[in-house]
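Colleague: Quick one: structure below, then a few questions.
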Amino acid sequence: MARNILVTGGAGFIGSHLIDKLLSMGDCVTVLDNFNDYYNPEKKRLNIQEHLKHPHYRIVEGDLRDDASLQKVFSQDAFDGIVHLAAMAGVRPSLLQAAHYMDVNINGTQKLLDRIAEYSPKARLAFGSSSSVYGGRAGESFKDSFIETDRVDQPFSPYAASKAAGELLCYSAHHTNNLQVVCLRFFTVFGPRQRPDLAIHKFCKLISNGQPIEVYGDGRTKRDYTFVGDIADGIISALTYDLPGYDIINLGRSEPVVLMDMIRCLEKHIGKTAEIVHLPMQTGDVPFTYANIEKARRVLNYEPKVTFDEGIKRFVEWHRSLSSAAQTVELRA
Ligand SMILES: NC(=O)c1ccc[n+]([C@@H]2O[C@H](COP(=O)([O-])OP(=O)(O)OC[C@H]3O[C@@H](n4cnc5c(N)ncnc54)[C@H](O)[C@@H]3O)[C@@H](O)[C@H]2O)c1
């Protein structure tokens, strides 16, 4: 029988890829998304263009914090699975809008947890957490990977604090209402439809247009970039594995890439050389991220399939296809 899955933030980057897969597996999907203007909401409309044609797809356009919208979402059959991805997701902007990040990522998450307890208490919840919760842990060593049992009490940004708090809210909902929750810590996700505020997307656009890119720090910072299709596969496994009630699992690629190597890889696939402007490290940024994915391998049978080079190739091809589509529209206009 088709499963009934709710995806909050399902019009966004990760959510839309997840939904491609869920619909192709025969699941029924409900989305709650407010199409906020953190980045151009037209991009989110494009993300869901194909989903809207699908008979098993339902979208509620509304805010996570809005009672009436939540009421609509939960007005039909109970859900089998819920993937909570709706959030304010940027690290640097969170320094300027900390209270708003807390409102969406903490109050919004609590409101959702309350509704799940009331209307869908048997649903399994996968919470979209982040490698940023490791914060201070990231400063300790450039060698050791981040493991789920590491300390997460030194967030480097309001965003990181809000994600760590989200995990705690999930635990308390598990303890008090016996909700079944797995917190998935995603490590810098990339691929087609990536948010335009993230470095790979920003750099790709600027290098393609022959404009300079701003590199913070000396270019030696490292990120454990993970292809979005692999993240979606990890989320799907998390909806069915043998969950012990509450759990935390890293989803990364476990092969950190040095920032300058990321830029070289983009140059190779774009076919242009970047003009680099060096600026000091930004407050809120961590020097490196490196996922230990032994637990994901063991319990989810998770194995990242797309190499960094292949992922960048696919991203650049997607970006190019967008630019040529935009040019065609301009020519026609
Ligand atoms: N992209 C990454 O590298 C990454 C890494 C770690 C964690 N995450 C987490 O994964 C999730 C998805 O990230 P993404 O990169 O796809 O971001 P995204 O911004 O593309 O997607 C988030 C979606 O949530 C929606 N949304 C935001 N606030 C909402 C609200 N109050 N009510 C309803 N909908 C709301 C947005 O409109 C958007 O469509 C987020 O929770 C993010 O924190 C992302």
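Colleague: Which of (1) within 13 Å of the ligand (Cβ to nearest atom); (2) in contact (Cβ under 8 Å) with a residue 24 or more places away in the chain does residue 182 not meet, given it meets every other one?
Modeller: Exception for residue 182: condition (1).
Colleague: Further, regarding this structure: Looking at 284, 252, 217, which one is on the phi > 0 side of the Ramachandran plot and touching a Ser or Thr at 6+ places or on another chain (Cβ under 8 Å)?
Modeller: None of the others qualify; the one that does is 284.
Colleague: Assuming residue 188 fulfils every condition listed in (1) within 16 Å of the ligand (Cβ to nearest atom); (2) modelled with pLDDT under 95 apart from one, which condition is it?
Modeller: The one condition residue 188 does not meet is (2).
Colleague: Restricting segment 46-65 to residues that are under 22 Å from residue 196 (Cα atoms) and more than 10 Å from the ligand (Cβ to nearest atom), which is surrounded by the fewest Cβ atoms within 10 Å (Cβ to Cβ)?
Modeller: Top of the filtered list is 49.
Colleague: Right, next: Hey, could you check segment 111-123 for residues that are within 21 Å of residue 12 (Cα to Cα) and crowded, with 18+ Cβ neighbours inside 10 Å and say which is nearest to the ligand (Cβ to nearest atom)?
Modeller: 112
Colleague: Of the residues that make up segment 2-10, is at least one charged (D, E, K, R), under 28 Å from residue 240 (Cβ atoms), surrounded by fewer than 24 Cβ atoms within 10 Å (Cβ to Cβ) and within 14 Å of the ligand (Cβ to nearest atom)?
Modeller: Among the residues of segment 2-10, not one is charged (D, E, K, R), under 28 Å from residue 240 (Cβ atoms), surrounded by fewer than 24 Cβ atoms within 10 Å (Cβ to Cβ) and within 14 Å of the ligand (Cβ to nearest atom), which makes the answer no.
Colleague: Restricting to segment 66-86, give me the number of residues that are within 9 Å of the ligand (Cβ to nearest atom) and either out of contact with any Leu (no Cβ under 9 Å at 6 or more places or on another chain) or at positive phi (or both).
Modeller: Looking only at that region, the number is 1.
Colleague: What about residue 299, is it surrounded by fewer than 19 Cβ atoms within 10 Å (Cβ to Cβ), over 17 Å from the mean Cα position of the chain (by Cα) and in a strand (DSSP E or B)?
Modeller: Against the criterion (surrounded by fewer than 19 Cβ atoms within 10 Å (Cβ to Cβ), over 17 Å from the mean Cα position of the chain (by Cα) and in a strand (DSSP E or B)), residue 299 does not qualify.
Colleague: Hand me the list of helices (runs of 4 or more DSSP H) wholly inside segment 181-289 holding 3 or more residues that are surrounded by 16 or more Cβ atoms within 10 Å (Cβ to Cβ) and β-branched (Val, Ile, Thr).
Modeller: Qualifying helices (runs of 4 or more DSSP H): 228-238.
Colleague: If residue 171 meets every condition in (1) crowded, with 22+ Cβ neighbours inside 10 Å; (2) away from the ligand (no atom under 16 Å from the Cβ) apart from one, which number is that one?
Modeller: Single failed check for residue 171: (1).
Colleague: When segment 301-321 is examined, which residues are found to be of a type in the set (Asp, Glu) and more than 16 Å from residue 187 (Cα to Cα)?
Modeller: Hits for segment 301-321 are 309, 310, 317.
Colleague: Does residue 241 satisfy being within 16 Å of the ligand (Cβ to nearest atom), among the aromatic types (Phe, Trp, Tyr) and at pLDDT 95 or above?
Modeller: It is false that residue 241 is within 16 Å of the ligand (Cβ to nearest atom), among the aromatic types (Phe, Trp, Tyr) and at pLDDT 95 or above.
Colleague: Say whether the condition of being more than 10 Å from the ligand (Cβ to nearest atom) and more than 29 Å from residue 29 (Cα to Cα) is met by at least one residue in segment 125-135.
Modeller: The answer is yes; a qualifying residue exists.
The values are calculated or read from the model by the stated rules, or taken from the named source; none is laboratory data. As the structure is a prediction and not an experimental result, all values here were calculated from the model. No Cβ is skipped: glycine too gets one built from the backbone with ideal geometry, and neighbour counts run over all protein chains shown.
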